[in-house]
Amino acid sequence: MSTGTEPETEPEAELTEPGVETTEAALESLLGERAIARDDHLNAPGFVINPNDVQDVLSDLRDEAGYDHLSCVTAQQYEDRYESIYHMKKFADPTDEVSIVVPTTVDDPVSQSAEPVFRTADWHEREAYDLVGVEYDDHPDLRRILLPETWQGHPLSKDYDQEKPQLVTLTEHQNPIQPDHHDDESDTMFLNIGPHHPATHGVLHVKTVLDGETVADVEPDIGYLHRCEEQMCEQGTYRHQIMPYPDRWDYVSAGLLNEWAYARAIEDLADIEVPEYAQIIRTMGAELCRIASHMLALGTFALDVYGEFTATFMYTFRDREVIQDILEDLTGQRMMFNYFRVGGVAWDLPEPREEFFEQTREFLNELPAKVGEYNDLITGNEIFQTRCIDTGVLEPEVAKDYGCTGPVARGSGVDYDLRRDDPYGYYEQLDWDVITRDGCDNYARVLCRMEEVEESAKIIEQCLDLLEDWPEDERDVQANVPRTLKPDAGTEIYRAVEGAKGELGIYIRSDGSDKPGRFKIRSPCFSNLQALEEMSEGEYIPDLIASLGSLDIVLGEVDR
Amino acid sequence: MSGATTPSLFPLQNGGDPVLLPEHITELTGLGQFGLAGELLATFVAAFIVGNFILAMTGVAGPWAKRKITASFTDRIAVNHLGPGGIGIIIADAVRLLAKENIIPENVDRPAYDLAPIVIAGSAMLGFAVIPMGSGIHLADPEVGLAFVFAVAGIASIGLVMAGYASGNKYSLLGGLRAVAQNVAYEIPLVVTGMSVVLFAGSLQMSEIVAVQNETTLFTIPGLEWAVPAWFALVNPFAFVLFLIANFAEVGRNPFDMPEAPAELIAGYQTEYSSVYFVLVYLGEFLHIFLGGAIIATIFLGGPAGPGPDELGILWFTLKIWGVFFLTQWLRSAVPRVRIDQLIEIGWKGLLVLSFANLGLTAAIVGVIA
């Protein structure tokens, strides 16, 4: 986006109309005196505001200008200040972005919390506090979120001593039976679900308060799989050393989708044009990953609702296995693909090409029958319907408030898909539909994923046609990219792609070197998981488990 | 022959011909001449034989078969290394399970914690005493046979509560509570549906129920000269289906496996059990499934009846039990579990009403025919 010099001012009345892009002039007049400076990012105009104006500004932006999606909160420390950036978008048009930059002094890094305006800021600000050390005034529950409560210092702050040993006492991991959290006044029972529990899909700890079998309170406790991914990316060079990491965020077969998030951010930051041919391969690979990921989501959801001996789980794995084979042929790996490169992909389709096309087409031809089988086995099952319809209800407004994206939001009728709304790759030229369902319940989310599988198959089919007919001498898989990438110091960008679970965003600030000054990952699962509380309170334990399953979280991405 | 003059454990019914297994053994070994003590010994020998037969089926073949059955439902191979079809895994499993350390958590409530596995497994074993398995394998035939089976099978609920409550684990507690709620809700439909069979047979005695089913001919398939016996499953399919459903809830299998529900409650009341205790609890589960199958086979599927000579009875009977077992595994692979409140609702509002309707209807029909 340009920094904009167009003088015309939009009338105030048109500000909130969906689809109408808010001009910078309108933003300026809306923020008025509160914008004390400009700090434009490559993706969006940026306004610097006072730490005390956060709620005021954000609620104005949401209510007056329609920026209803707080996509991400990035915090970072400069030599002279701390900074929190609120990356805001519109659900109606995610290309219409604005960044609100909130600097605070090093001595007293206190900034007003955005939580009262956007619920999703709750966890995002806790993470900023935990890792960077910015404190948020008015935040309801400012505790560490990824690191243990006894951790000393904030790992991404400047004065953090990595060499200093950390003492993590075992109090947190105490036998949960020991202190019986029994309340004298009420009949509720405290129950630890996880971190080792069959239904948490990884190491997630859900602190639950039960009233009989009814869930009275839920609080997910995350961070068990925190691997400092952001910091590791900050220590790698743009050109080659960062790309392997995204595979390890959402590690269940969504690798290429994650890689694309980084690829898109760095390519826009360094202004690299990716050859069309490479974009088609990327699109095809990413959609294969999406199918694999949705199959896994379906299978594990069946585990939660059917029990551990269900056939569905194995059926989905059987079908996913075919995709894994295709991806293995394409990328050379089954899980940690590392196939995308800055400016393209690592190599062309495997030889002999005909065999690859044939294999992939065969999979696509068999897919409708398989989806039909799933519909017979799962969604058509009456018991399954009584279990899933009207349970785990997530109203669209709540979903937006929590920053939910992906199938979770689309299952609640939020028509938001970055592939269409903020096009990248080759999606714009292809013919496919965004699936939304209005059920807002577990059933809608499952159906949404299953229908997305069919849409992805459509996309792959078209990509295959294009790839097959592509002239042999124009098969460029990589753009010309300098050996060392050194974007100008101080350029900042936030770019997101539609990952398997939703909006996967990357914020990069360049400091002039060949490594990022700040690398921030906006994980869709992180935001989606926040909504669990809203979905499961007042319902039964089985519904809590089913809702958790229908959110389709991967802890590798939640904790990063 | 034990004469009419000496008191006997089993007064012979059918004109002095031995019917029950202890009688056969008394006769064959000549233990009868030692009077009551001899008969007692013969009874123990008979119980030993029947018990081992059941254990071989449930404890030894069952888990292996279950692995293979679920594997074929879910597109897997399962055990295949030791012996043909991996059948040698049975020995390895037995050694593994028995050799493991029996971990007893600090906070458990003993001796309830220790007794629960025995109650769970033992109650189901008792039920097999009155089941006529064909080929002369029938331990006892009291006049209240059917009531006895339901009564002893119901004892298992106590075992489940004991296990759930004594484990000192919240998941176990929830599992135990669910088990009670479920068993109370489904035992009534089960018994009431069973009563409709009694109305037909006019007796609670197991041998009598089997006999009535096989003596009458429901209809003859024209042209083939096949006399279709009046098995109650054919006479009253409605009762049969009701009984099947209630039985699945009773043994806690999909769609009613709420007490365990591993995705929710880890393993419910079993969570804290390990080693031999775990074996007993699990054995109890298997025994209950097989006992459920045995009851269904006896009161709905003509017991040991089948084509061929009577000596093949035990074969047919075993087949019928395994048929029910197979069905439970099928459901496990294919059917979701209902939620606990839905389960209770189905039990109290659905099955209970239907089972009483069935009972009333059956009574009316039997009355009209009679």
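The values are calculated or read from the model by the stated rules, or taken from the named source; none is laboratory data. Given the structure is predicted, the values throughout are model-derived calculations rather than measurements. Methodologically, a virtual Cβ is constructed for each residue, glycine included, from the backbone with ideal geometry; neighbour enumeration extends over all protein chains shown. Keep in mind that these areas ignore ligands, DNA and RNA; they rest on the heavy atoms of the full protein, side chains included. Shrake-Rupley method; radii C 1.70, N 1.55, O 1.52, S 1.80 Å.
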Q | Unique match (being touching a residue at least 24 places away in the same chain (Cβ under 8 Å), surrounded by fewer than 20 Cβ atoms within 10 Å (Cβ to Cβ) and within 14 Å of chain B (Cβ to nearest Cβ)) among A:E273, A:E308 | A | A:E308
Q.
Let me spell it out: the conditions are (1) under 18 Å from the mean Cα position of the chain (by Cα); (2) part of a helix (DSSP H, G or I), and A:P423 meets all of them except one. Which number is the exception?
A. (2)
Q) What are the pairs, 6+ residues apart or on separate chains, where a residue within the stretch A:372-400 that is away from every other protein chain (no Cβ under 12 Å) has its Cβ under 6 Å from a residue that is among the β-branched types (V, I, T)? A) A:P396/A:V414; A:A399/A:V414
Q.
For a quick check of your reading of the model, give me the residue pairs whose first member lies in the stretch B:152-166 and is charged (D, E, K, R), whose second is open to solvent by 10 Å² or more (accessible area, probe 1.4 Å) and not in a helix (DSSP H, G or I), with beta-carbon atoms closer than 8 Å and at least 6 apart or on different chains.
A. none
Q) Among (1) part of a loop (DSSP other than H, G, I, E, B); (2) away from every other protein chain (no Cβ under 14 Å), where does A:R518 come up short? A) (1)
(Q) Restricting to the stretch A:26-39, and then to whatever is under 23 Å from A:A92 (Cβ atoms) and in contact with a Phe, Trp or Tyr (Cβ under 9 Å, 6 or more places away or on another chain), can you tell me which residue is most open to solvent (accessible area, probe 1.4 Å)? (A) A:E28
Q: Go through the stretch B:261-275 residue by residue and tally those that are charged (D, E, K, R) and more than 8 Å from chain A (Cβ to nearest Cβ).
A: 1
**Q.** Scope the stretch A:435-457; condition in a loop (DSSP other than H, G, I, E, B), of a type in the set (V, I, T) and either touching a residue at least 40 places away in the same chain (Cβ under 8 Å) or open to solvent by 30 Å² or more (accessible area, probe 1.4 Å) (or both); matching residues
**A.** A:T436
Q: Residue by residue through the stretch A:258-289, note down the ones that are small (G, A, S) and either over 27 Å from A:K486 (Cβ atoms) or out of contact with any Asp or Glu (no Cβ under 7 Å at 6 or more places or on another chain) (or both).
A: A:A261, A:A263, A:A265, A:A270, A:G285, A:A286
Q: With the checklist (1) surrounded by fewer than 24 Cβ atoms within 10 Å (Cβ to Cβ); (2) not in a loop (DSSP other than H, G, I, E, B) in hand, flag the one item A:G538 doesn't pass.
A: (2)
Q) Does A:F317 qualify as being hydrophobic (A, V, I, L, M, F, W, C), open to solvent by less than 10 Å² (accessible area, probe 1.4 Å) and in a helix (DSSP H, G or I)? A) no
Q: Of all residues in the stretch A:85-123, count the ones that are within 16 Å of A:N50 (Cβ to Cβ) and touching a Gly at 6+ places or on another chain (Cβ under 9 Å).
A: 5
Q: Would you mention how many residues in the stretch A:78-112 are open to solvent by less than 10 Å² (accessible area, probe 1.4 Å), charged (D, E, K, R) and within 18 Å of A:G517 (Cβ to Cβ)?
A: 1
**Q.** Some residue of the stretch A:514-536 being at positive phi and at pLDDT below 90
**A.** no
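Here is a yes/no grid of residues against (1) of a type in the set (V, I, T); (2) closer than 30 Å to A:L191 by Cβ; (3) in contact with a Phe, Trp or Tyr (Cβ under 7 Å, 6 or more places away or on another chain); (4) within 14 Å of another protein chain (Cβ to nearest Cβ):
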| residue | (1), (2), (3), (4) |
| --- | --- |
| B:F128 | no, no, no, no |
| B:F150 | no, no, no, no |
| B:S157 | no, yes, no, no |
| B:L177 | no, yes, no, yes |
| B:L190 | no, no, yes, no |
| B:S196 | no, no, no, no |
| B:F200 | no, no, yes, no |
| B:N214 | no, no, no, no |
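Matching residues to (1) at pLDDT below 80; (2) more than 29 Å from B:P304 (Cα to Cα); (3) aliphatic (A, V, I, L, M):
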| site | (1), (2), (3) |
| --- | --- |
| B:G15 | yes, no, no |
| B:I25 | yes, no, yes |
| B:G51 | no, no, no |
| B:V60 | no, no, yes |
| B:R76 | no, yes, no |
| B:G86 | no, yes, no |
| B:I89 | no, yes, yes |
Q | Flag if A:M243 is crowded, with 23+ Cβ neighbours inside 10 Å and not β-branched (V, I, T) | A | yes
Q: Starting from residues that are open to solvent by less than 50 Å² (accessible area, probe 1.4 Å) and part of a helix (DSSP H, G or I), keep the ones in the stretch B:304-321 and report whichever is nearest to the other protein chains (Cβ to nearest Cβ).
A: B:I321
Q: Could you please let me know if B:A140 is in the same structural domain as B:F278 (by TED's automatic domain parsing), in contact with a helix residue (DSSP H, G or I) (Cβ under 8 Å, 6 or more places away or on another chain) and open to solvent by less than 30 Å² (accessible area, probe 1.4 Å)?
A: no
Q | Number of positions in the stretch A:513-535 that are surrounded by 24 or more Cβ atoms within 10 Å (Cβ to Cβ) and either assigned by the TED database to the domain that holds A:D122 or of a type in the set (K, R) (or both) | A | 2
Q) What residue, among those in the stretch A:354-365 that are charged (D, E, K, R) and free of Cβ contacts under 8 Å to residues at least 12 places away in the same chain, is nearest to A:V305 (Cα to Cα)? A) A:E362
Q: For residues that are within 23 Å of the chain's Cα centre (by Cα) and of a type in the set (K, R), tally how many sit in the stretch B:323-364.
A: 2
Q. So A:I460 fits all but one of (1) surrounded by fewer than 21 Cβ atoms within 10 Å (Cβ to Cβ); (2) in contact with a Ser or Thr (Cβ under 9 Å, 6 or more places away or on another chain); (3) assigned to a helix (DSSP H, G or I); what number is the exception?
A. (1)
(Q) Residues that are away from chain B (no Cβ under 14 Å) and farther than 30 Å from A:A216 by Cβ: does the stretch A:521-532 have at least one? (A) yes
Q. Only one residue in A:L327, A:L288, A:L298 is in a helix (DSSP H, G or I), within 14 Å of another protein chain (Cβ to nearest Cβ) and crowded, with 20+ Cβ neighbours inside 10 Å, so which one is that?
A. A:L298
Q: Only residues that are away from chain B (no Cβ under 14 Å) and closer than 26 Å to A:I435 by Cβ: list them for the stretch A:534-560, please.
A: A:E534, A:M535, A:L551, A:D552, A:I553, A:V554, A:L555, A:G556, A:E557, A:V558
Q: Identify the residue in the stretch A:334-368 that is within 23 Å of the chain's Cα centre (by Cα) and not aliphatic (A, V, I, L, M) and, among all such residues, is nearest to A:P471 (Cα to Cα).
A: A:G344
Q: Mind listing just one residue for me: the one in the stretch B:322-370 that is assigned to a helix (DSSP H, G or I) and facing another protein chain (nearest Cβ under 9 Å) and, of those, nearest to B:H288 (Cα to Cα)?
A: B:Q329
